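One structure below.
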Amino acid sequence: MAHVQTVLGPLAPERLGFTLPHEHTQIALWQIPDRWDYWQLTRDRGVVLDELARFHDAGGASLVDLTLPGVGRDPAWLVDLSRASQLNIVMGCGWYRGAYYPPEALIDRRSVDVLADELVAEATDGVAQAGGIIPAGGVIPADGGEPVRPGIIGEIGTDKPWLSAQEERVHRAAARASRRTGLTITTHGVMSDVALAQLAIFEEEGADLSRVVIGHADSYPSLDHYLEIVRRGASIEFDFLGMSFTPQERHGERRVVDLLRELLSRGHVGRILLSQDVCHDAQLVRFGGNGYAYLATSFLPRLRDAGVSDAEIETITIANPRRILTIG
């Protein structure tokens, strides 16, 4: 039966509602060697729940958390947040990008098929709330809690404007797992056309490119690039909305609006997704940022003022996330 896989179990797709398809509810990115910038999103439960409440109050219903092993994925945390916030939360799976591959994943020592098998096992049998993979047969570990199944693969990414050998291996594993499970792949790649190299790998592996979302598209504002992604059948995600770390992020949203309008004028409403990629304390309202409600309260009104219709906005924020997250 067609469903969306949330951390609390299968959900009827029509219940998904207004969805943020690329977010985090806690993450740590500063722990790799020689990185000292303390890029992290707090695990303060009260703070995070207050922030999620703003999104819920603005009409939000669902959120995709793409924090992966190596940067803090915590199934039990997501289960707790989902129950407490009354939001549907979808968990990701896979390995983020080269600098953040956890040593225990042995990306450089395992074959593409073995890596793909692990992703398929998570999708089939789930992940223990303590973080481990459920053994074959689906026996729940003694530490309690129902297993949590991911509802999407990703975010799968690259550190640079190219794929390293290990990143290529992960991309191929993601494609093979997507073929076997029906899960959509969502990607990371910034300030370059690396998405085309990602798509080439997925295509070589026989993945359904209509089940691929190219993330962080607004970091590389190029209409020709977007049109090539759409031509290949994938979706484009503008998910740095509300960020203010760089001059482009602080001042570039007018251009994003113009590019969105051009894509819409060409009939590509079904290939656009919007999100905010909250991944740093500075993005939270508590610490002076825009929070999870920025898309609903600030960016969408700007789109309406620019002539984007309510029907188009509903497609982008409800129908498109529902399509990529529906399995079966």
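The values are calculated or read from the model by the stated rules, or taken from the named source; none is laboratory data. Since the model is a prediction, treat every value here as computed from it, not as a measurement. Cβ sites come from the backbone with ideal geometry, for glycine too, and all protein chains shown count toward neighbours. Surface accessibility is based on the protein's heavy atoms, side chains included, excluding ligands, DNA and RNA. Shrake-Rupley method; radii C 1.70, N 1.55, O 1.52, S 1.80 Å.
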### Task
Return P(r) of the chain (all Cα-Cα pairs; 20 Å bins starting at 0; whole %; ordered from short to long distances).
34, 62, 4
### Summary
Of all C-alpha pairs within segment 42-200, those more than 28 angstrom apart amount in percent to 24 percent
### Query
Where the accessible area of the chain is counted over protein heavy atoms with a 1.4 Å probe, how much of it, in %, is carbon and sulfur?
50 percent
### Message
Just to be sure I understand: if I project the alpha-carbon convex hull of segment 190-235 onto a plane and average over all orientations, what area do I get in nm²?
### Response
2.7 nm²
#### Entry: segment 33-95 and segment 249-328: distance between their alpha carbon centers, rounded to Å
19 Å
### Task
Let me see the pair-distance distribution of segment 182-278: every alpha carbon pair, 10 Å bin width, integer percents in order.
16, 52, 28, 5
### Query
If the chain between Ala282 and Arg302 were fully stretched, how many nm would it gain, using 0.36 nm times the residue separation less the Cα-Cα distance?
4.9 nm
### Task
With a point put 7 Å past each Cα toward its Cβ, work out how far Asp44 is from Arg83 in nm, to one decimal.
2.4 nm
### For the chain: accessible area per residue (Å², 1.4 Å)
41 Å²
## Note on the structure
Among His22, His268, His280, the residue with the largest mean-square fluctuation in a Gaussian network model of the chain built from Cα contacts under 10 Å is His268
### Query
With each label point set 7 Å from Cα along the Cα-Cβ vector, what nm distance links Thr246 and Asp113?
4.0 nm
#### Entry: Under 13 Å from the Arg261 label point (7 Å along Cα→beta-carbon), backbone N, segment 308-328
308-309
### Query
Within the chain, which is the longest segment containing none of the trypsin sites (Lys or Arg not before Pro) that sit in a DSSP loop and have at most 15 other Cβ atoms within 10 Å?
111-265
#### Entry: chymotrypsin sites (Phe, Trp or Tyr not before Pro) within segment 25-126: DSSP coil, no more than 14 neighbouring Cβ in 10 Å
Trp30, Trp36, Tyr38
### Message
Given Cβ point charges of +1 (Lys, Arg) and -1 (Asp, Glu) and nothing else, what value in debye, to the nearest 20, does the dipole of the chain about its Cα centre take?
### Response
400 debye
### Query
With each label point set 7 Å from Cα along the Cα-Cβ vector, what nm distance links Met191 and Glu104?
3.3 nm
### Message
Can you compute the helix-only [θ] at 222 nm over the chain? Use -39500 (n - 2.57) per DSSP H run of at least 4 residues, normalise by all residues, nearest 500 deg cm²/dmol.
### Response
-10000 deg cm²/dmol
